[in-house]
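Following: one structure in structure tokens, then a few remarks.
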Amino acid sequence: MLNIFDAEFARAPWPVLRSLREAGGAHRVATPDGPPAWLITRYADVRAGLLDERLSVNLRYSGGGDYAGFAVPAPLDVFQSAAPERLARLRGLVVGELRLAGDWADRAAMLIGKSLAELDGVTEFDFVERVALPLPAVILGELLGLPESERDALAAWAHATLAPDASPRARDTLGGMQRIIAAVVERGRDGADDTMLGRLVRAGISGSAVDSGELPGLLFYLLFVWYEVLMDLLAGAVLTFSGRPDQLAAMLAAADRTVAVDELLRYLSPQVLAAPRFAVTDLEIAGQRIEAGQTVLFCLAAADHDPERFTGPAEPDGALELDVRRSPNPHVALGYGAHACVGVGLLRPVLAAMLGELYGRWPNLRAAVADSEVPWRSGFRHRGPLTLPVRPRGIR
Ligand code: HEM
């Protein structure tokens, strides 16, 4: 069995993923938690597998011998073990709400501008701690219409679990998350306001689109699930552009910056693996027999650097170079199929606005240390810089 998930893998998974892709499409690997799983590495197999109904995210199909991942506890589990109709209904609700939230680019840019203004004049700071970590709470607070006290609670949660010196992992802080969610629901009940939160809570109470038991789970996904990937993508983008001024210039000159956002998602792959899938029945992937009950991990990062699908120069370590003009860009960094990311309509314009505001203010923003000195978090399902010292006025 292969043991690949270590600290070096988080920083540069590309050499390992390249050799696994070349050696075969499916490999038995050990996970950091101990139990094994199948790792699927080639683009064609990952895309097909994410559509395969013989593989389920529902934990009840796990045979128990393989890695099973994090079981979202019952009150919060609205997506993992939902029947197809319920999944479609809830996904539709979130997508509809995000559409109702309108065009977020300008508001996001304004909020970011305010946060960045507080750092004007500071010559060097940790970009993760000062910008990437607090920003999602600011955006979420505004988007959902969170009252001040819950915004603060969310920011405190992020700091306690995701800051460089934090000890618990996000998934170990469910008690804290549930308290924030309960307070949000309680306040939302009274609100007659037309915020996304107010509408969701009222929909939960009236039982029209979401039943009250589903509401905490829905809020859990909206508040917490994507916090870390957004932060990882932002910090990763600043590090990546530090060594690629030509790519940065091309992104800033583009009429539509969401093209560059998609390429950053592909290149950085902040979510390395899709959620574990469990084989409902015996099946075959890339010539390997997978038994019912075994776990399959689709490696989105490996698929998105597969030269069989994406063209362009390869870096010496096996990564496929960043090309912010890449179009079309059929990456799977946001998943694919029934469980693909529902936040896509929001995150593209928000990230494009964040990057525009960041480099509009600090065109010479650069990492203050060499790539090799940047520590990376995780090494398994997510990846992103743990700390990133930057100089807003340049010099590297
Ligand atoms: C950089 C930002 C983001 C990245 C990289 C990302 C990535 C992903 C990926 C890869 C999946 C699919 C997992 C799988 O198939 O196993 C996913 C699912 C999901 N994402 Fe995102 N996401 C991001 C932002 C967001 C945002 C902004 C929201 C909501 C506002 C969101 C909500 C969700 C939800 C609810 C699911 C689960 C869908 C389901 O299971 O049916 N994500 N995300």
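The values are calculated or read from the model by the stated rules, or taken from the named source; none is laboratory data. Note that the structure is predicted; figures quoted are calculated from it, not measured. Cβ coordinates were reconstructed from backbone atoms using ideal geometry, including for glycine residues, and neighbour counts include every protein chain displayed. Calculation scope for accessible area: heavy atoms of the full protein, side chains included, ligands and nucleic acids excluded. Shrake-Rupley method; radii C 1.70, N 1.55, O 1.52, S 1.80 Å.
Descriptive notes on the structure:
- Restricting region 316-328 to residues that are under 18 Å from residue 299 (Cβ atoms) and surrounded by 15 or more Cβ atoms within 10 Å (Cβ to Cβ), the residue that is farthest from the ligand (Cβ to nearest atom): 318
- Scan region 66-112 for residues that are outside any helix (DSSP H, G or I), modelled with pLDDT under 80, over 19 Å from the mean Cα position of the chain (by Cα) and closer than 30 Å to residue 34 by Cα and the total you get is 1.
- Look at region 275-296: where a residue is without any contact (Cβ under 8 Å) to a residue 40 or more places away in the chain and a partner is in a loop (DSSP other than H, G, I, E, B) and open to solvent by 60 Å² or more (accessible area, probe 1.4 Å), sitting 6+ places away or on another chain with Cβ atoms under 7 Å, you get 282/291; 289/282.
- Counted residues, region 332-368 - those being in contact with a Lys or Arg (Cβ under 8 Å, 6 or more places away or on another chain), more than 10 Å from the ligand (Cβ to nearest atom) and part of a loop (DSSP other than H, G, I, E, B): 4
- Test for residue 303: is it of a type outside the set (S, T, N, Q), within 13 Å of the ligand (Cβ to nearest atom), within 13 Å of the chain's Cα centre (by Cα) and surrounded by 24 or more Cβ atoms within 10 Å (Cβ to Cβ): no
- Residue match in region 75-87 (condition: more than 19 Å from residue 56 (Cβ to Cβ), near the ligand (Cβ under 9 Å from one of its atoms) and surrounded by 19 or more Cβ atoms within 10 Å (Cβ to Cβ)): no
- Hey, residue 378 at positive phi and at pLDDT below 95 or not: yes
- Checking residue 254 against (1) open to solvent by less than 50 Å² (accessible area, probe 1.4 Å); (2) within 10 Å of the ligand (Cβ to nearest atom); (3) more than 21 Å from residue 14 (Cβ to Cβ), the condition it does not meet: (2)
- Remark: pairs (first residue in region 136-165, hydrophobic (A, V, I, L, M, F, W, C); second residue modelled with pLDDT under 85 and not in a helix (DSSP H, G or I); Cβ separation under 8 Å; 6+ apart in sequence or on different chains) = 140/146; 143/101; 143/104; 144/195; 154/146; 160/166; 160/168.
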